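The values are calculated or read from the model by the stated rules, or taken from the named source; none is laboratory data. Being a predicted model, the structure only gives us computed values, none of them experimental. For neighbour counting, all protein chains shown are included, and Cβ atoms are generated from backbone atoms with ideal geometry for every residue, glycine included.
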Amino acid sequence: MGTLNSKVPEGPLKDKWTTYKDKINLVNPANKRLIDVIIVGTGLAGGSAAATLAELGYNVKAFCFQDSPRRAHSIAAQGGINAAKNYQGDGDSTYRLFYDTVKGGDYRSRESNVYRLAEVSTNIIDQCVAQGVPFARDYGGLLDNRSFGGVLVSRTFYAKGQTGQQLLLGAYSAMNRQIGRGKIKMYNRHEMLDVVIVDGKARGIIARNLVTGEIERHSAHAVVLGTGGYGNAFYLSTYAMGSNVTAVWKAHKRGAFFANPCFTQIHPTCIPVSGDHQSKLTLMSESLRNDGRIWVPKNMEDVLAIREGKLKPTEIAEENRDYYLERRYPAFGNLVPRDVASRAAKERCDAGYGVNKTGEAVYLDFAAAIERYGKEQAHVKGLDENDKALVDKLGKEIIKAKYGNLFQMYEKIVDQNPYETPMMIFPAVHYTMGGIWVDYNLMTTVPGLYAIGEANFSDHGANRLGASALMQGLADGYFVLPYTIGDYLADDIRTGPIPTDSKEFDEAEKEVTSNLDKLINNNGKYSVDYFHKKLGKIMWNKCGMARNAKDLKEAITEIAELRAEFWKDVKIPGKADEYNEELAKAGRVADFLELGELFAKDALQREESAGGHFRDEHQTETGEALRRPEFQYVSAWEYKGEPKDAVLHKEELEYENIEVKERSYK
Ligand SMILES: Cc1cc2nc3c(=O)[nH]c(=O)nc-3n(C[C@H](O)[C@H](O)[C@H](O)COP(=O)(O)OP(=O)(O)OC[C@H]3O[C@@H](n4cnc5c(N)ncnc54)[C@H](O)[C@@H]3O)c2cc1C
């Protein structure tokens, strides 16, 4: 069992990474051919790591549960990816990106890792451009940028509203080159169900072939998890339906500490829930807050008239609208960080000003931007700036070019035209800052087991700024892990292939099989979704946007009871040795039911508010999150049999290069 040593190198912040890289062990090209690495997950983090390690010469075995790496959840990323290139000349720098990220995370992330992230951010853009990723360009042909929440510069690179898809195609082509060379062996439609530890080191995995149901053993000298986030514990979220916690939860059970499980991001601009029949929520990218203004009516009569369908939002005069973000946060306005914007929406809706039937929606309005862009275009073209119809047409063309696919998606789902009437939005679960604890090398507390991308807890503290998940996933995969893993693998050049006929593989396989048998033979009364929905309701109501000790204690009890009910009463049709989606889902929900309890336990012990974790008991007079210095640590949980028995370890956070102060966006 490892201890909590973050292994941050000595020396000044600015030199740490460079000096460290100069001194760590290397594996020579011939020896890399003798080393196998398993990478579970081929989204942006795992895909970029697989391509890079294979290019370096390691033998990579890559796994994903979809039918192709191209379908990883990363494909959904819309708005963009940050990098401190300062192409806009607006004052950006490595330090500012570092500073914004630490402050954005409410001073709950590790300085050294965040600085390294900011440092390598610029390399990512060069790498992706070289791969042919079609980033948006300005009229002069240079790469364009837009702004995201919590910052005062424009540093977000984007490809329309499809940045994740384009970046993933880049990583996927890089992977395919290596698949073609035989350096990556790709296992699609395989789900990792356990990590195998031999002599204290991660040496392989047990996977289930989802098409045939066959259980397989795979060995390697190191195992990397790039398996994404666990927000689907809430049932309704913006995640892909398949995203789950199983890989990291199994790693946790084998000794990897789980860090800050309660740090979840609730994104302010999603399409509101429409009813109980729903299984998925849709994000409207944060990029829309560059041009959209958020508001609710000032007067309760208008709210009621809107709900009754007697008044349209476009009929409400400017002076009767409450642009509450601009009112409360004049410096950052509509581009405050996500946790701040989500809470502000909740505050208005709780006060009764929500604009849809359930009272859980606010407006995101583009009318002002359409007019502004339209006038500018008319001016540029030498046309009449006072011609309202012309200005409207020209303005909409610009908005369409910037956000067309998002507007189309909104119209398809809501059946309202957002060019003509404001969008309705509400916060929804979107990202998990918590994850497997890793040290500076991205290694977990299990030697030889690494976690990258959203699967690790790393760089975002208590709140992730927009467009920085893609940056972190690709930083980990392209530029950090390829160095740090070599330092560890240098000791394995004489080890030779790891056999899979050992007692450790026997034991892990037996456990996986008996778990599957238990599920398939249970023959209870209720579907997997029945339990998942119930878990989601507990999580949203008691561990959601605002939390308090009473609710969290209830959640702990209720989740434990629900878990017991699940194991007694879940019914899974079909067999284990065939394609069986319901069985795969049951395993994932079983793990969510354990994680959910640890999540609530973590939130209960963190008696402060920080970023996305808001405790009712700890807020300022104006309702802002109130941090407490005694909680300036990462909570890292050690598994001890049941979530209730998990043991807390703390990584104290030190800030030597940033002054920890009130997190103001005013
Ligand atoms: C709608 C939406 C829009 C977003 N927009 C942005 C944005 O504009 N900018 C930004 O920075 N971030 C954005 N994000 C966040 C960002 O997309 C994700 O955080 C990021 O893509 C996660 O990448 P990943 O590689 O860590 O994981 P994922 O892309 O989730 O990949 C996980 C991989 O692990 C595999 N896997 C998981 N479990 C197993 C298992 N047990 N066995 C085998 N394989 C397994 C999956 O098959 C998959 O290949 C957005 C998120 C959403 C939901």
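For D36, indicate whether it is more than 13 Å from the ligand (Cβ to nearest atom) and either among the charged types (D, E, K, R) or in contact with a Phe, Trp or Tyr (Cβ under 9 Å, 6 or more places away or on another chain) (or both).
Yes: the conditions hold for D36.
Do you know which residues across segment 581-617 are among the polar types (S, T, N, Q) and either farther than 21 Å from L535 by Cβ or within 20 Å of the chain's Cα centre (by Cα) (or both)?
Pass one, segment 581-617, residues among the polar types (S, T, N, Q): 605, 609.
Within segment 581-617, S609 is the sole residue that qualifies.
Out of all the residues in segment 425-443, which are in contact with a His (Cβ under 9 Å, 6 or more places away or on another chain) and either more than 23 Å from G149 (Cα to Cα) or more than 12 Å from the ligand (Cβ to nearest atom) (or both)?
Residues satisfying the conditions are P427, I436, W437.
Considering only segment 620-666, state which residues are over 25 Å from D439 (Cβ atoms), of a type in the set (D, E, K, R) and in a loop (DSSP other than H, G, I, E, B).
If the condition is that a residue be over 25 Å from D439 (Cβ atoms), of a type in the set (D, E, K, R) and in a loop (DSSP other than H, G, I, E, B), then E621, E624, R628, E642, E659, K661, E662, R663, K666 are the ones that fit.
Just to be sure I understand the filter: pairs with C-beta atoms under 6 Å, separated by 6 or more residues or on different chains, first member in segment 20-36 and under 12 Å from D487 (Cα atoms), second member among the polar types (S, T, N, Q) and in a loop (DSSP other than H, G, I, E, B). Which pairs pass?
As it stands, the answer is none, since no pair meets every condition given.
Here is a yes/no grid of residues against (1) touching a residue at least 60 places away in the same chain (Cβ under 8 Å); (2) at negative phi; (3) under 15 Å from the mean Cα position of the chain (by Cα):
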site	(1), (2), (3)
D415	no, no, no
V429	yes, yes, yes
P447	yes, yes, no
F479	yes, yes, no
T484	yes, yes, no
P499	yes, yes, no
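Go through the residues of segment 25-33 one by one and say whether even a single one is within 9 Å of the ligand (Cβ to nearest atom), under 22 Å from K7 (Cβ atoms) and either out of contact with any strand residue (DSSP E or B) (no Cβ under 6 Å at 6 or more places or on another chain) or of a type outside the set (A, V, I, L, M, F, W, C) (or both). Show your work before the answer.
Residues of segment 25-33 within 9 Å of the ligand (Cβ to nearest atom): none.
No - not one qualifying residue is present in segment 25-33.
What's the total number of residues in segment 186-214 that are in contact (Cβ under 8 Å) with a residue 40 or more places away in the chain and not in a strand (DSSP E or B)?
Final tally of qualifying residues: 8.
Going residue by residue through segment 313-328, is there one that turns out to be part of a loop (DSSP other than H, G, I, E, B), among the polar types (S, T, N, Q) and more than 26 Å from T264 (Cβ to Cβ)?
Initial filter on segment 313-328 (part of a loop (DSSP other than H, G, I, E, B)): 316-317, 323.
Filter again for among the polar types (S, T, N, Q), leaving none.
The answer is no; no qualifying residue exists.
Provide a single number: the residues in segment 469-497 that are buried (at least 19 other Cβ atoms within 10 Å of the Cβ) and touching a Ser or Thr at 6+ places or on another chain (Cβ under 6 Å).
Adding up the residues that qualify gives 4.
Please go through segment 227-271 and pick out each residue that is buried (at least 23 other Cβ atoms within 10 Å of the Cβ), part of a loop (DSSP other than H, G, I, E, B) and more than 18 Å from the chain's Cα centre (by Cα).
A256, F257
Could you identify the single residue in Y633, Y639, Y665 that is of a type in the set (F, W, Y), under 25 Å from the mean Cα position of the chain (by Cα) and surrounded by fewer than 20 Cβ atoms within 10 Å (Cβ to Cβ)?
Going through Y633, Y639, Y665 in turn, just one is of a type in the set (F, W, Y), under 25 Å from the mean Cα position of the chain (by Cα) and surrounded by fewer than 20 Cβ atoms within 10 Å (Cβ to Cβ): Y633.
Which of (1) touching a Ser or Thr at 6+ places or on another chain (Cβ under 9 Å); (2) farther than 28 Å from S342 by Cα does Q605 not meet, given it meets every other one?
(2)
So, in segment 277-289, how many residues would count as being part of a loop (DSSP other than H, G, I, E, B) and within 27 Å of R615 (Cα to Cα)?
Matching residues across segment 277-289 total 5.
Please work out if G182 is modelled with pLDDT under 95 and either more than 9 Å from the ligand (Cβ to nearest atom) or surrounded by 20 or more Cβ atoms within 10 Å (Cβ to Cβ) (or both).
When the stated conditions are applied, G182 does not pass them.
Is one or more of the residues making up segment 277-293 surrounded by fewer than 24 Cβ atoms within 10 Å (Cβ to Cβ) and free of Cβ contacts under 8 Å to residues at least 12 places away in the same chain?
Yes, some residue in segment 277-293 is surrounded by fewer than 24 Cβ atoms within 10 Å (Cβ to Cβ) and free of Cβ contacts under 8 Å to residues at least 12 places away in the same chain.
Can you report the number of residues in segment 626-642 which are at pLDDT below 95 and either in contact with a helix residue (DSSP H, G or I) (Cβ under 7 Å, 6 or more places away or on another chain) or of a type in the set (F, W, Y) (or both)?
0
Output the qualifying pairs, or none if there are none: Cβ atoms under 8 angstrom, residues six or more apart or on different chains, first residue in segment 96-121 and at positive phi and surrounded by 24 or more Cβ atoms within 10 Å (Cβ to Cβ), second residue assigned to a helix (DSSP H, G or I) and charged (D, E, K, R).
Here the result reads D106/D339, each pair linking segment 96-121 to a residue that is assigned to a helix (DSSP H, G or I) and charged (D, E, K, R).
Considering Q619, Q632, which residue is out of contact with any Asp or Glu (no Cβ under 6 Å at 6 or more places or on another chain) and without any contact (Cβ under 8 Å) to a residue 24 or more places away in the chain?
Among Q619, Q632, only Q619 is out of contact with any Asp or Glu (no Cβ under 6 Å at 6 or more places or on another chain) and without any contact (Cβ under 8 Å) to a residue 24 or more places away in the chain.
Looking at V196, V245 in this structure, which one is more than 30 Å from D126 (Cβ to Cβ) and within 9 Å of the ligand (Cβ to nearest atom)?
Details: V196 fails: within 9 Å of the ligand (Cβ to nearest atom).
Only one candidate qualifies: V245.
Can you name every residue in segment 62-71 that is more than 7 Å from the ligand (Cβ to nearest atom) and surrounded by 24 or more Cβ atoms within 10 Å (Cβ to Cβ)?
Result: A62, single match.
If you check A130 against the conditions, is it in a helix (DSSP H, G or I) and of a type in the set (G, A, S)?
Taking the combined requirement at face value, the residue satisfies it.
Please work out which one of (1) within 17 Å of Y187 (Cα to Cα); (2) outside any strand (DSSP E or B) is the condition V223 fails and give its number.
(2) is the only condition that V223 fails.
Please find, within segment 72-91, the residue that is nearest to F479 (Cα to Cα) out of those that are in a loop (DSSP other than H, G, I, E, B) and either within 6 Å of the ligand (Cβ to nearest atom) or within 24 Å of the chain's Cα centre (by Cα) (or both).
Of all residues in segment 72-91, those in a loop (DSSP other than H, G, I, E, B) come to 72, 77-80, 83-91.
Those left that are additionally either within 6 Å of the ligand (Cβ to nearest atom) or within 24 Å of the chain's Cα centre (by Cα) (or both): 72, 77-80, 83-85.
On the way: A72: 20, A77: 21, Q78: 23, G79: 22, G80: 19, A83: 14, A84: 16, K85: 17 Å.
Among residues in segment 72-91 that are in a loop (DSSP other than H, G, I, E, B) and either within 6 Å of the ligand (Cβ to nearest atom) or within 24 Å of the chain's Cα centre (by Cα) (or both), the one nearest to F479 (Cα to Cα) is A83.
For M545, indicate whether it is assigned to a loop (DSSP other than H, G, I, E, B) and within 22 Å of Y230 (Cβ to Cβ).
yes
The rows are residues; the columns are (1) in contact with a helix residue (DSSP H, G or I) (Cβ under 9 Å, 6 or more places away or on another chain); (2) part of a loop (DSSP other than H, G, I, E, B).
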residue: K7; (1), (2): no, yes
residue: G11; (1), (2): yes, yes
residue: D15; (1), (2): no, no
residue: N25; (1), (2): yes, yes
residue: I39; (1), (2): yes, no
residue: G47; (1), (2): yes, no
residue: A51; (1), (2): yes, no
residue: R70; (1), (2): yes, no
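Please go through segment 154-168 and pick out each residue that is part of a helix (DSSP H, G or I) and either touching a Cys at 6+ places or on another chain (Cβ under 7 Å) or more than 13 Å from the ligand (Cβ to nearest atom) (or both). Write out each step before concluding.
Start the filter on segment 154-168 by keeping residues that are part of a helix (DSSP H, G or I), which leaves 163-168.
Listed by number, the list holds a single entry, L167.
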